Amino acid sequence: MTLHKAEKVIIITEKMITKGVCAIIDEAGATGYTIVAAGGKGSRGIRSTSESASVIDDFANVKIEVIVNNKQMAEHIMNKVAEKYFQSYSGITYMEYVDILRPEKF
Amino acid sequence: MTLHKAEKVIIITEKMITKGVCAIIDEAGATGYTIVAAGGKGSRGIRSTSESASVIDDFANVKIEVIVNNKQMAEHIMNKVAEKYFQSYSGITYMEYVDILRPEKF
Amino acid sequence: MTLHKAEKVIIITEKMITKGVCAIIDEAGATGYTIVAAGGKGSRGIRSTSESASVIDDFANVKIEVIVNNKQMAEHIMNKVAEKYFQSYSGITYMEYVDILRPEKF
Amino acid sequence: MGGMLIAALGSHLKIPNAVYQFIVFALLMKIGLKGGIEIREANLSDMILPAFSAILVGIIIVLVGSFIFSIIPKIKREDGYATAGLFGAVSASTLAAAMVLLEEQSIRYEAWVPALYPFMDIPALLLAIILANVYQHKQNKDADTKVDISGIIKESLRGSALSALLLGLLLGLMTKPDAILESFYEPLFRGFLSILMLVMGMEAYARLNELRKVAHWYAIYAFFAPIMHGLIAFGLGYIAHITVEFSPGGVILLAVMAASNSDISGPPTLRAAIPTANPSAYIGASTSVGTPVAIALCIPLFIALAEVVFK
Amino acid sequence: MGGMLIAALGSHLKIPNAVYQFIVFALLMKIGLKGGIEIREANLSDMILPAFSAILVGIIIVLVGSFIFSIIPKIKREDGYATAGLFGAVSASTLAAAMVLLEEQSIRYEAWVPALYPFMDIPALLLAIILANVYQHKQNKDADTKVDISGIIKESLRGSALSALLLGLLLGLMTKPDAILESFYEPLFRGFLSILMLVMGMEAYARLNELRKVAHWYAIYAFFAPIMHGLIAFGLGYIAHITVEFSPGGVILLAVMAASNSDISGPPTLRAAIPTANPSAYIGASTSVGTPVAIALCIPLFIALAEVVFK
Amino acid sequence: MGGMLIAALGSHLKIPNAVYQFIVFALLMKIGLKGGIEIREANLSDMILPAFSAILVGIIIVLVGSFIFSIIPKIKREDGYATAGLFGAVSASTLAAAMVLLEEQSIRYEAWVPALYPFMDIPALLLAIILANVYQHKQNKDADTKVDISGIIKESLRGSALSALLLGLLLGLMTKPDAILESFYEPLFRGFLSILMLVMGMEAYARLNELRKVAHWYAIYAFFAPIMHGLIAFGLGYIAHITVEFSPGGVILLAVMAASNSDISGPPTLRAAIPTANPSAYIGASTSVGTPVAIALCIPLFIALAEVVFK
Ligand SMILES: Nc1ncnc2c1ncn2[C@@H]1O[C@H](COP(=O)(O)O)[C@@H](O)[C@H]1O
Ligand SMILES: Nc1ncnc2c1ncn2[C@@H]1O[C@H](COP(=O)(O)O)[C@@H](O)[C@H]1O
Ligand SMILES: Nc1ncnc2c1ncn2[C@@H]1O[C@H](COP(=O)(O)O)[C@@H](O)[C@H]1O
Ligand code: NA
Ligand code: NA
Ligand code: NA
């Protein structure tokens, strides 16, 4: 077995723009993504993003992860998302290096 | 304080085979694992794995993370899971390097 | 675009001490954190932490992630949490290296 | 019922999101079903004037609100449009509370009146969004983004709140859901509503903090606007009373709709369509001040007013 | 009720998973409790023939279906077995819809009939799984995996749907849950069912896409199979009517069970036990075509047929 | 109803957490509302002695339990305090089961009796926490952490269970929620309770494993303690019966409260306040042994006893 280097882009942002972020990911040519419900606190206050999360037991953020086999694509996704959304919506994005099993999948 | 290098194996796959994947992890000798509910899109379409997730508000994938202190064990888990399940079920697996606090725990 | 190195601290522990852990994070000077519901198995048994998770379909752990721009702060958070809580509550903590987009945010 | 509003200070009590969503769904289905059944049997011509009044009220509220905020210094224009839009839109829960009160006091209303909800809601949201977008166009002239009106209408109809209401309406119009309405939705109605009121009360308290961070003007607007909006609608409703015998209860409900501000579907719609507006400004004001005023002050006020006027 | 099926096109309306699960649980408990109470008082010998018919129908459906798919070219054998198994299995919601309709039209049936559900469901799933496994054995002869029949039975009894039904049955048999049944489950039954129908309607629409990607044969089978299966069961039920005075309503319900296909417990069971079968094939066909046909076409058809036959 | 306890062995049936939380909320609101309405009309002086008895029972249970565990060798002191606290605290679901049974057998009780819940619950938890903290102080003398009594009281009042009950009480006292109580909470009460019993039964089974890992003494205590606690409370209740005509049903409920152990709010409160105690010890014993004994053995026992004593 050999593992191959790849990049993982992580975007943590408001649930309501999930669709738009996923569209950017698809357009960039990534083969898929994974979404997890999240809560959090950032520069805009505790769960600043949720319309009604203080009383209702809910996570109003999402954490979206994309594995890509190509650093440029990774940076492209990060830039696009930050440009389009992070002025008006709260969110962060960062990157990690991972080892993948089947490089042809990504 | 000293941190120690370790490996983290991540498996993203259909919820329904969680039990089988965890059995492989246990058998491999890992000390534990963490499970998170996830949704996603992969080569098999949006949330291809969920029997009825299009209308019902639910995540039908799981993200399972295992920290191990031994690269061979990590690769063993990845291979076993991919071999046993990834022909019939959708899923991906990859690995990251992490720094752990108490190596004797893992 | 340039990416900057940063540290990500991950803490996986019982849901009920979330507040306390977040207080430690805030005190340490981190700019934010992200929380995800998780289940798991560790040295203290399957989902040992949940008061009533065996029958009720629920995750009783949380996974808290903090991105910091400063390795000392990262280690400080890990130590503080481990010291204060990991004798009486189950939990693990580890660290990863990530590349961030806007270093001034963290 | 109003008394439960401020109750749960500091408590750890939380309502699971799934339950909250289901309660909202059930309330809107109930209003829709009932409305649909009634429209089936109603004289359509009776509905024209009240429906037209609803549209008019929605538009007036947004125009007046936008104007007010535009003359207040240091308020971002987008924030003003969004706030005006939110107060023009309608709250299903406030409306439901008024319905329960009217029934308790046996004040009659045409059962299709609550179904006028979208007639006020959609024009108000739409106008606010259009105004904000036109304003932004003028600011950065190079931008070539067009305002996609039909897209906005579609999105707002597809939102989960309006979907449930319209689905209920349709089912009420086309099928015979009377049995389900009576055996299922009616008994749950009051209980669910009381839980919703509880949630809203806790929410109002929780948002006070947020409100404190934005300009006082929002709080002042949020206090007086519901009363003003309600009175405008009451006046138009009164005209409909004289001309087409619109019932006193109907007039009250129209006024309550005007006084209410959207708590479920409005905020996400506005957030998506006017992303540059600061949600703390409009949500804080409406949730912490506007809604309590609409429920605890306006409903009894308009009932009392109706007793005076229609006696 | 059927009319609500295609309603929510493009809407963002979603039912929380927790609510969906609870509704399914409540429906199955209700059917189980009622069945259990009735079996307590029923003449066991009356039940033998209908129960036996149910088993027989389940087996026949799977055999016939497997045969049909085996002669269609380009269909993977495992997909065929899984589809046949799904159509042999029973849908609690379709069954519940038929129960409500019979009650509305006051057509009497023995209250233990719905409790025959597992008698048709389990043999059908089991047989499909065994056939698929035996087939795979033949393919790769070196493999020494055995077909674990008792394991499959256990797993299918432990599934959340059958667990709830059997639990209800047991409680109905052994305790006196009449009060709870009447005050809690009965009033919720219709409302919950209508919500389930709504979910199924939206689901059917959403799955159409998936269906388009697989062979047309699935859609054709899914359209005709429910009618055929129902008629077979109607025939067997008619024999039971003549021999042991099985009620007309009972015959109809037996036919509806046969016509229905499992929407809750069947898919995951099959997915786990025949992992090589493509779920898009069997789920798409059953959800988008089979279920609507069973509900909107077969139920009225069999009621009409009963009126002709039993007059 | 007790019979459903051991039912669902090995089944995959799970109740969604959101539904579970809502059920608990509804049960406690119902008890609170009813209690509040009744207290409004009750003679306050009638309540003093029973309330005082409740406090006394809570304290006695913890003192006796702590003493018992302190003389058993090899039991960590903190574990003993926590266990005693849990058995001193009250289970809303056990209490509700007793209420339903009393109503079925038409044994009358003052409707404010269930509202005595916090009078026994809070002192018991509080005393256990204080004892454990004082003990720890003595152990490590250098530590300067103080026992924050008012903080503990506040936290326990803010917990979601007590919040819901107190909110219900308040609303019952101050508003007129009779309509909602009757149309919404009453019909749901029994059904929700039966589902809660189901959950508790499955939970009891699941926890047996955990229990096996800790000392036998916990199981022995958990078996006998409910009976003993109930009898103590029955005795004190009897005194109140003689002196202030406390009803026989009230005496039974007081005894059941004492016999019960907290299953919803107690465990997290103790876990947070006595973190060094091992939750497997106290939760295993109470859930797997204490609760079944309280429900299946103590409730009928005390009803029978009341029939003997009060005849
Ligand atoms: N330093 C951080 N570490 C981890 N997550 C963060 C951090 N800062 C922000 N986040 C996440 O990103 C979301 C949006 O952040 P912001 O745009 O700063 O409000 C927050 O709600 C958190 O979930
Ligand atoms: N490139 C990717 N990045 C992140 N997650 C992915 C990616 N591809 C697949 N996944 C996840 O893995 C699951 C199964 O993928 P697949 O087997 O390709 O259908 C998907 O539902 C996603 O949650
Ligand atoms: N080796 C591991 N890999 C991943 N997660 C783990 C591991 N060990 C423990 N955990 C997580 O940490 C939680 C507490 O672990 P413990 O304190 O060992 O009981 C568990 O419930 C898991 O969610
Ligand atoms: Na309005
Ligand atoms: Na069938
Ligand atoms: Na007790």
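Things worth noting here:
- Note on the protein assembly as shown: dipole from Cβ charges, positive end direction compared against E:279, C:43, E:193; the farthest Cα belongs to C:43.
- Once all protein chains are placed together, residue E:308 keeps about 110 Å² accessible to a 1.4 angstrom probe.
- In terms of its C-alpha gyration tensor, the protein assembly as shown has a rounded overall shape, because the principal axis ratio a/c (a ≥ b ≥ c, square roots of the eigenvalues) stays below 1.5.
- Probing with 1.4 Å while keeping every protein chain in the model, the per residue accessible area of the protein assembly as shown equals 38 Å².
- About its Cα centre, the dipole of chain F is roughly 800 debye, where the only charges are +1 on Lys and Arg Cβ and -1 on Asp and Glu Cβ.
- Note on segment A:4-105: along the principal axes its Cα atoms extend 45, 25, 21 Å, ordered by decreasing extent.
- Global form of segment F:111-190, assessed from the alpha-carbon gyration tensor, a/c cut-off 1.5: prolate
- Taking Cα atoms only, the orientation of helix F:216-244 departs from the longest principal axis of chain F by about 40 degrees.
- Residue order for E:257, C:16 - accessible surface, 1.4 angstrom probe, largest first: C:16, E:257
- Total accessible surface hidden between A and B, rounded to 100 Å², 1.4 Å probe: 1900
- 27 Å Cα-Cα threshold exceeded, pairs from B:80/C:15; A:84/B:15; A:63/C:105; C:41/C:105: B:80/C:15; A:84/B:15; C:41/C:105
- Integer Hz, Karplus 6.51/-1.76/1.60 couplings in order for segment A:18-23, x for Gly and Pro: 3, 4, x, 5, 5, 4
- Based on Cα contacts under 8 Å between residues 6+ apart, chain D shows a relative contact order of 33 percent.
- For residue B:90, solvent-accessible area (1.4 Å; no DNA, RNA or ligand), Å²: 20
- The D-A contact accounts for approximately 1400 Å² of buried accessible area, totalled over both chains at a 1.4 Å probe radius.
- Two-site FRET efficiency, residue C:4 against residue A:70, from Cβ-Cβ distance with R₀ of 25 Å, rounded to 0.05: 0.75
- Shape call, chain F: gyration tensor on alpha carbons, a/c limit 1.5: rounded
- Close Lys pairs in chain E (alpha-carbon distance under 22 Å; sequence gap of 8 or more, or different chains): 10.
- Accessible-area ranking of B:96, A:75, D:104, largest first, probe 1.4 Å: D:104, A:75, B:96
- Accessible area of residue E:238 (1.4 Å probe, protein heavy atoms only, ligands and nucleic acids ignored): about 90 Å².
- For residue E:104, inter-copy separations between label points set 7 Å beyond Cα along the Cβ vector come to 3.5, 3.5 nm, shortest first.
- Protein-only accessible surface order, largest first, of E:310, E:192 at 1.4 Å: E:310, E:192
- As a fraction of the 1.4 Å probe accessible area of segment B:4-105, surface on carbon and sulfur atoms comes out at 50 percent.
- Overall, the accessible surface of chain E at a probe of 1.4 angstrom is composed of carbon and sulfur to the extent of 64 percent.
- Take the Cα of residue D:43, step 7 Å toward its Cβ, do the same at residue D:104, and the gap between the two points is 3.3 nm.
- Sorted from nearest, the other copies put their residue E:67 label points 8.1, 8.1 nm away, the label point being 7 Å from Cα in the direction of Cβ.
- Scanning chain D for the beta carbon that comes closest to the axis linking it by rotation to E yields D:18, 2, distance in whole angstrom.
- What separates the residue E:48 label point from its copies, with the point 7 Å along Cα to Cβ, is 7.3, 7.3 nm, written shortest first.
- About the Cα centre, charge dipole magnitude for the protein assembly as shown (Lys/Arg +1, Asp/Glu -1 at Cβ), debye: 2520
The values are calculated or read from the model by the stated rules, or taken from the named source; none is laboratory data. Note that the coordinates shown come from a computational prediction; the quantities given were computed from them, not determined experimentally. Cβ: placed from backbone, ideal geometry, glycine included. Neighbour counts: every protein chain shown. For accessibility, only protein heavy atoms count, side chains too; no ligands or nucleic acids. Shrake-Rupley method; radii C 1.70, N 1.55, O 1.52, S 1.80 Å.
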